[in-house]
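The values are calculated or read from the model by the stated rules, or taken from the named source; none is laboratory data. What you are looking at is a predicted structure, and each value in this text was computed from that prediction instead of being measured. With ideal geometry, Cβ positions are generated from the backbone for all residues, glycine too; neighbour counts draw on all protein chains shown.
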Amino acid sequence: MTSETEISTVPQSVDDFARRLADVHDRMRMAAEKVGRDSSEVRLLAVSKTVAEDRLRNAVAAGAHELGENKVQEAARKHQTLADLDIAWAIIGHLQTNKARTVAEIASEFQALDSTRVAEALDRRLQALGRGLAVYIQVNTSAEESKSGLIPEDVPGFLKQLRAYSSLQVQGFMTLAANTRDEQRVRSCFRMLRRIRDEARDSDPDLVGPGGLSMGMSGDFELAIEEGSTVVRVGQAIFGPRPAPHTSYWPAAFGGHRAD
């Protein structure tokens, strides 16, 4: 298990990243086994925002081939710079419609769909390219104004509206838990998303595809796995602390709550 001192350092070499990835996978396995799940049911998405390309090359060499980016411009630059590598890029942050073309061109999945305006913009670009795109519908389960996403009550209607956009391949739902050290509050967000997924499946399973749940970040992904997550978005536990001050988002064991 990675120590607090190791987590606070910035990994550089292939070996550094291999150790970080192994630690995260071990934690994922233990969390899954705790509730009788198979850890192979849970996919790791390494969140590479703000991480320089030279370090990303070493992370990819260590086995991180699915990378998530919040900002489309940064993702596009890295997509071009690292085009020689085997990387599937996911956009996991709020999307403005004027960036839909870039997402349609470079992304393997989009995990923050929460409006028909974005759905229409993406679909139009994807139709022109003759390809589809895996999408997760973002739901604001914490009711925090700082977070994007649909309110839970709007999900059923939104799912029906997505029928009009045939290039969007719905994979399930995504959420960010409440920004708190209260474990039960965090779990309640994850349980809400699972309940939303289950109710959507009961109503019309064709609308939710595989019914995946993208939830859990560096400080809470073990809780998320215990509550049914199928995708965890992990950044700082793999890449180390970012230049921006995110100390309040570290896992509770290290003085904070959550990190991506």
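Mind checking whether some residue in the stretch 92-103 is within 20 Å of Arg242 (Cα to Cα) and in contact (Cβ under 8 Å) with a residue 60 or more places away in the chain? The answer is yes, given that some residue of the stretch 92-103 is within 20 Å of Arg242 (Cα to Cα) and in contact (Cβ under 8 Å) with a residue 60 or more places away in the chain. For the stretch 223-257, a residue qualifies if it is of a type in the set (Gly, Ala, Ser) and at pLDDT below 95, and the qualifying residues are Ala244, Ser248, Ala252, Ala253, Gly255, Gly256. The set of residues from the stretch 131-163 being aliphatic (A, V, I, L, M) and without any contact (Cβ under 8 Å) to a residue 40 or more places away in the chain comprises Leu133, Ala134, Val135, Ile137, Ala143, Leu150, Ile151.
Results for (1) out of contact with any Lys or Arg (no Cβ under 9 Å at 6 or more places or on another chain); (2) at pLDDT 95 or above; (3) among the aliphatic types (A, V, I, L, M); (4) farther than 17 Å from His94 by Cα, shown as yes or no for each residue.
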position	(1), (2), (3), (4)
Gln138	no, yes, no, no
Pro152	no, yes, no, yes
Gln169	yes, yes, no, yes
Cys189	yes, yes, no, yes
Pro210	yes, yes, no, yes
Met215	no, yes, yes, no
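Suppose the filter is part of a strand (DSSP E or B), hydrophobic (A, V, I, L, M, F, W, C), out of contact with any Asp or Glu (no Cβ under 6 Å at 6 or more places or on another chain) and surrounded by 18 or more Cβ atoms within 10 Å (Cβ to Cβ); does Leu44 pass it? Yes; evaluated as a whole, the condition is true for this residue.
Checked against (1) of a type in the set (Phe, Trp, Tyr); (2) within 17 Å of the chain's Cα centre (by Cα); (3) modelled with pLDDT of 95 or more, Tyr165 passes all but a single condition, namely (2).
Being over 20 Å from the mean Cα position of the chain (by Cα) and either in a loop (DSSP other than H, G, I, E, B) or free of Cβ contacts under 8 Å to residues at least 40 places away in the same chain (or both) is a property that holds for Thr9. Among all positions in the stretch 45-65, there is at least one residue which is under 18 Å from the mean Cα position of the chain (by Cα), modelled with pLDDT of 95 or more and of a type in the set (D, E, K, R). Cβ-Cβ contacts under 8 Å between residues 6 or more apart (or on different chains), taken from a first residue in the stretch 166-191 that is part of a helix (DSSP H, G or I) to a second residue that is among the small types (Gly, Ala, Ser) and surrounded by fewer than 17 Cβ atoms within 10 Å (Cβ to Cβ), are listed as Glu183/Ala252. For the structure I just gave you, tell me whether Gly36 is within 21 Å of Ser214 (Cα to Cα), out of contact with any helix residue (DSSP H, G or I) (no Cβ under 8 Å at 6 or more places or on another chain) and part of a loop (DSSP other than H, G, I, E, B). Criteria met by Gly36. Within the stretch 208-229, not a single residue is farther than 24 Å from Gly36 by Cβ and among the charged types (D, E, K, R).
Does Gly209 satisfy being on the phi > 0 side of the Ramachandran plot and either surrounded by 23 or more Cβ atoms within 10 Å (Cβ to Cβ) or touching a residue at least 60 places away in the same chain (Cβ under 8 Å) (or both)? Considered against the rule, which asks whether it is on the phi > 0 side of the Ramachandran plot and either surrounded by 23 or more Cβ atoms within 10 Å (Cβ to Cβ) or touching a residue at least 60 places away in the same chain (Cβ under 8 Å) (or both), Gly209 comes out as no.
When every residue of the stretch 68-80 is checked against the conditions, at least one turns out to be at pLDDT 95 or above, of a type in the set (S, T, N, Q) and surrounded by fewer than 15 Cβ atoms within 10 Å (Cβ to Cβ). When residues in the stretch 83-124 are screened for being surrounded by fewer than 17 Cβ atoms within 10 Å (Cβ to Cβ) and among the hydrophobic types (A, V, I, L, M, F, W, C), 3 of them pass. Of the numbered conditions (1) under 24 Å from Val60 (Cβ atoms); (2) under 15 Å from the mean Cα position of the chain (by Cα), Leu85 satisfies every one except a single condition; which is it? Among (1) under 24 Å from Val60 (Cβ atoms); (2) under 15 Å from the mean Cα position of the chain (by Cα), Leu85 violates only (2).
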